[in-house]
Structures are given as C-alpha cells and as structure tokens.
Amino acid sequence: MKFILCAALVAVTGVAGATVNRCVDADGQVLLTDTECPAGSRAEEYVERVPVAMTSQVAAASAPRSRWASLPRPLVRKTVSTDVATLQAARQNLLLQDETSKETSKQRRLLSAR
C-alpha cells in the first residue's frame, strides 16, 4: 500500500513540474505565472532556486543497518490445498465444539430439573 502511495506521489510531482514565467510590468512589479505574460509586461528568464537538501546531487547519509536486515528470509508460499485443509479442519473443530456445548447444556438442564 505504501509503495502505491509513493508511486502516485512521484507520478503527480512529475506532472506538476510546469514551466514558470517571470513577468515584469512597466512599474517593476514581478508576476510569476505558469501562463503567458499579460500584455504590457515583458518576460524574463526565471531560474528556480532549489534548496541543497532537495537536490538529488547530495549523497544520502548511510543509515545504520539493523542486525535483523541481513538474516536470510525463506520464501514460504502456502499452497491452496494447505489453506483449504486448514479451513476444513477449523470447521470440523467448530462443529465438534458446537455439539459438545449442546450436550453440556442438555446435561445441565437435566441436573437442574432434578
């Protein structure tokens, strides 16, 4: 689930990367927009300054590895027949418990009736 969320966020940020136009009007007012500059203003080159921490050129600090990370993990896949057998056994167990509880309740009623 987390992977899907991360993939969606990466896809959205890629789409959101639109060009930004810097427009300066006659009074010197600056307008940053993603559309064309309005009439009466001139377009200037705009270079977005990204903080160093957000660039991919910075090497990520290596985090200490957990001692559990290097342990081998066996790939165990249950077969469908194992799951069916488990469910059938659980059903039989519940049916037996049902019968036992019915017999116990009958015995209690008989004892209380005496």
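Filtering the range 18-42 to residues that are in contact with an Asp or Glu (Cβ under 6 Å, 6 or more places away or on another chain) and among the hydroxyl-bearing types (Ser, Thr, Tyr) leaves only Ser41.
Scanning the range 95-114 for residues that are surrounded by 10 or more Cβ atoms within 10 Å (Cβ to Cβ) and either among the aliphatic types (A, V, I, L, M) or within 40 Å of the chain's Cα centre (by Cα) (or both) yields a count of 2.
Of all the residues in the range 9-31, those that are among the hydrophobic types (A, V, I, L, M, F, W, C) and at pLDDT 85 or above number 5.
The set of residues in the range 33-42 that are in a strand (DSSP E or B) and at pLDDT 85 or above comprises Ser41, Arg42.
The set of residues from the range 46-105 being under 30 Å from Val30 (Cα atoms) and either part of a helix (DSSP H, G or I) or at pLDDT 80 or above (or both) comprises Val52, Ala53, Met54.
The values are calculated or read from the model by the stated rules, or taken from the named source; none is laboratory data. Given the structure is predicted, the values throughout are model-derived calculations rather than measurements. Reconstructed Cβ throughout: ideal geometry from the backbone, glycine too, with neighbour counts over all protein chains shown.
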